[in-house]
């Protein structure tokens with residue numbers, strides 16, 4: 001519990017045996033529930049996660065978005081925190097981000113990695129790609145945001161049914177933020193966090209995933225806003 005709230009952390013994983021062994025023990029003691037979504041891993045990700053006390057959900061449909069759409073509805077906590085299983089996101093700032101959410105009467109906080117505190121934590125092509133996609137988000141949706149591709153989000157679990165999430169792939173990261181920003185009942189903000197060099201093998205196909213995300217932004221702009 002943290003500030004009388006049950007905290008759930010959701011971590012999608014594909015072959016993150018090495019990273020998850022570092023991430024789960026690093027979580028603050030205030031985290032009540034850890035859900036690891038194993039997205040067809042061929043290594044020992046599930047076994048390591050279970051030994052460290054996580055609840056493991058197996059999602060056979062491949063994709064970052066598919067993994068999250070399997071894990072997020074399983075949350076039982078009052079506040080949901082997400083992050084990757086590769087050690088890049090700021091576990092040390094989870095409580096800080098929750099404070100920002102609660103102290104400012106917000107519903108959804110996206111953890112912004114930019115400006116990077118450690119320039120070596122992300123290569124230049126990834127930084128350029130993130131800048132292009134974030135600029136595209138501003139141009140298409142007229143919303144100023146520093147990091148449209150962040151994979152660390154902190155939100156009140158009760159708003160999940162309001163989020164119109166359809167992507168099974170990497171675009172879910174931008175889709176969840178845009179859905180939150182566009183919904184009149186959801187109060188959205190960003191909070192600056194640390195970003196660390198990843199643990200383990202890089203699995204992102206930067207060119208394919210970058211173009212997919214850019215095209216998905218256009219599709220999102222043309223899609224009617226769901227305000228239920």
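Quick note: the coordinates plus some simple rules give every number you see, no bench work behind them. Because the structure is predicted, anything quoted here is derived from the model rather than measured.
Per residue, the Cα convex hull of region 7-222 amounts to 111 Å³.
Treating each Cα of region 1-111 as one equal point scatterer and applying the Debye formula with no solvent, the log10 of I(q)/I(0) at q = 0.12, 0.13 Å⁻¹ comes out as -0.38, -0.44.
Roughly what % of DSSP beta bridges within region 106-228 run antiparallel, to the nearest 5? Could the numbers behind the result be given before it?
Values: 3 of 8 bridges.
Bridges in region 106-228 that DSSP calls antiparallel: roughly 40 percent.
Its convex hull of Cα atoms gives region 120-182 a direction-averaged projected area, equal to a quarter of the hull surface, of 5.0 nm². Length available on full extension from residue 144 to residue 123: 0.36 nm per residue minus the Cα-Cα distance, which gives 5.2 nm.
Most simply put, region 7-222 has about 25% antiparallel DSSP beta bridges, counting only bridges with both residues inside it.
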